[in-house]
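The values are calculated or read from the model by the stated rules, or taken from the named source; none is laboratory data. Fair warning: this is a prediction, and the values are worked out from it, not measured in the lab. In this analysis, Cβ positions are derived from the backbone assuming ideal geometry, glycine residues included, and neighbour counts consider all displayed protein chains. Just the protein is used for accessible areas: all its heavy atoms, side chains included, with ligands, DNA and RNA removed. Shrake-Rupley method; radii C 1.70, N 1.55, O 1.52, S 1.80 Å.
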Amino acid sequence: MKILCIANNLEGNYDGIGKHARIVGHEFESMGNQVDYCTGTTWNKSKIGKMQSFQMCNAFLSATWKMMISDYDYIVIEYPFAEYNPFILLFHWIMFFLSRFTKTKVAFSMHEYDRVTSLRRTIIKGFLPFCDVLFVSEEKYFRELSKYCDKMFVRTISSQGLPYTEGLKDTKEKTSYCYFGLVNRSKAFLEMLNAWDVFNKEGKFTLDVVSISDLAEYKLDSHKNVTYHYKLADREAGAVLSKDVFSIIPVVPSIGFNNSSFVSSIQCGCIPIGKFNNDLSALDFIVKCNSYELNDFVKALYDSQNLSDDSVKTCIDHALEFGKNFSVHKTAEMMINGFKAYENKHKK
């Protein structure tokens, strides 16, 4: 199978969706498929710059040209992009129209929907009628989005490729916590720090913050036992998470299957703390936070310390086992199976 992937910020670790596209694309190749890429770099632009950028419009133009001169079976669009420019839809519509002549199928791989802005939802709804296949992370989207694209398949959001450091499970300290991921408006990061100050007023606990975000405004040095690990390589980041017991994941409004910080944390043997959606709230290895209000957040942190040593070991084992569901290979396999299922239905 010959696949062309369109994704924003494909290189580096600046964009979780871009990195996802890259590592899943590599897995496609290891499965015997040919993969090419079209991308634009916008991670270093301001919000206004991302609105005005035409990087991804150019990526669609490049993809359209490649499609016209080469035989691609599928074009996969990994969305949302960091770029906000709504003119992207025009270039997508042109590509889709021309794909009817080249017999190329267009697949839309959606990473976020509940937490995106109304503008992004409008753009998503503008994409979907002009796609052959839609990949989502949860079945709950079937009812709402089926009127826009009825060929819908579930695929997991794979981890960010952080390698778990074997042998650290028995040496983890119950007093160790971590935060992994970008810091942006979808994270209650300041609320986490405020709760940490109350919880750790005696300085008994440690918090590793692993991120590529510029956190100077948060003055992390003023918070007890908070260590900032900036722009670590995957192996280094995996080693930090692997040695910590708990992972604080303050995702707004709640943590779902599509959250890569959650997936990466459990694959490194961390017990996640946060507000979970209905699909995850029944898991037996999490520490629930009712809200990110100060009292609720502090209570969740204290609840983590109330776990017995045996419970901690059991939770870590269950987290590692559950994390196997989000391997890069499984994500790629589910997408390939989705392509095949679409083709079988289309033949009928």
Identity of the residue in the range 26-44, of a type in the set (Phe, Trp, Tyr) and not in a loop (DSSP other than H, G, I, E, B), that ends up nearest to Asp214 (Cα to Cα): Tyr37
Would it be correct to say that Ala107 is assigned to a helix (DSSP H, G or I), touching a residue at least 12 places away in the same chain (Cβ under 8 Å) and under 20 Å from Asp132 (Cβ atoms)? no
Boolean, Lys219 is surrounded by fewer than 20 Cβ atoms within 10 Å (Cβ to Cβ), in contact with a Lys or Arg (Cβ under 8 Å, 6 or more places away or on another chain) and of a type outside the set (Gly, Ala, Ser): no
Being modelled with pLDDT of 90 or more and open to solvent by 40 Å² or more (accessible area, probe 1.4 Å) is the requirement here; does Asn325 meet it? no
Out of (1) under 22 Å from Glu138 (Cα atoms); (2) open to solvent by 20 Å² or more (accessible area, probe 1.4 Å); (3) out of contact with any Ser or Thr (no Cβ under 9 Å at 6 or more places or on another chain), what's the single condition that is false for Pro250? (2)
Residue count for the range 90-125, restricted to those that are open to solvent by less than 50 Å² (accessible area, probe 1.4 Å) and closer than 15 Å to Thr64 by Cα: 10
The conditions are (1) free of Cβ contacts under 8 Å to residues at least 24 places away in the same chain; (2) open to solvent by 70 Å² or more (accessible area, probe 1.4 Å), and Lys345 fails exactly one of them. Which is it? (1)
So, Ile48, is that one more than 23 Å from Lys103 (Cβ to Cβ), open to solvent by 70 Å² or more (accessible area, probe 1.4 Å) and not hydroxyl-bearing (Ser, Thr, Tyr) or not? yes
One residue from Pro86, Pro80 being at pLDDT below 95 and surrounded by fewer than 16 Cβ atoms within 10 Å (Cβ to Cβ): Pro86
Looking for something under 20 Å from the mean Cα position of the chain (by Cα), under 20 Å from His329 (Cβ atoms) and in contact (Cβ under 8 Å) with a residue 40 or more places away in the chain - is there at least one such residue anywhere in the range 40-54? no
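Taking the condition of being among the acidic types (Asp, Glu) and part of a helix (DSSP H, G or I), how many residues in the range 122-151 meet it?
The qualifying residues number 1.
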Exclusive hit being out of contact with any strand residue (DSSP E or B) (no Cβ under 9 Å at 6 or more places or on another chain) and under 21 Å from Arg185 (Cβ atoms), set Leu89, Leu119: Leu119
I'm told Ser30 meets every condition in (1) under 27 Å from Asn259 (Cβ atoms); (2) at pLDDT 95 or above; (3) open to solvent by less than 10 Å² (accessible area, probe 1.4 Å); (4) of a type outside the set (D, E, K, R) except one. Can you identify the failing condition by its number? (3)
Out of curiosity, is Lys340 among the charged types (D, E, K, R), at positive phi and surrounded by fewer than 18 Cβ atoms within 10 Å (Cβ to Cβ)? no
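Give, as residue ranges, the helices (runs of 4 or more DSSP H) completely inside the range 220-308 that count at least 1 residues that are under 22 Å from the mean Cα position of the chain (by Cα) and of a type in the set (A, V, I, L, M, F, W, C).
Helices (runs of 4 or more DSSP H) meeting the threshold: 234-243, 260-267.
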Within the range 13-42, take every residue that is in contact with a helix residue (DSSP H, G or I) (Cβ under 7 Å, 6 or more places away or on another chain) and aliphatic (A, V, I, L, M) and give me the one that is nearest to Tyr72 (Cα to Cα). Val35
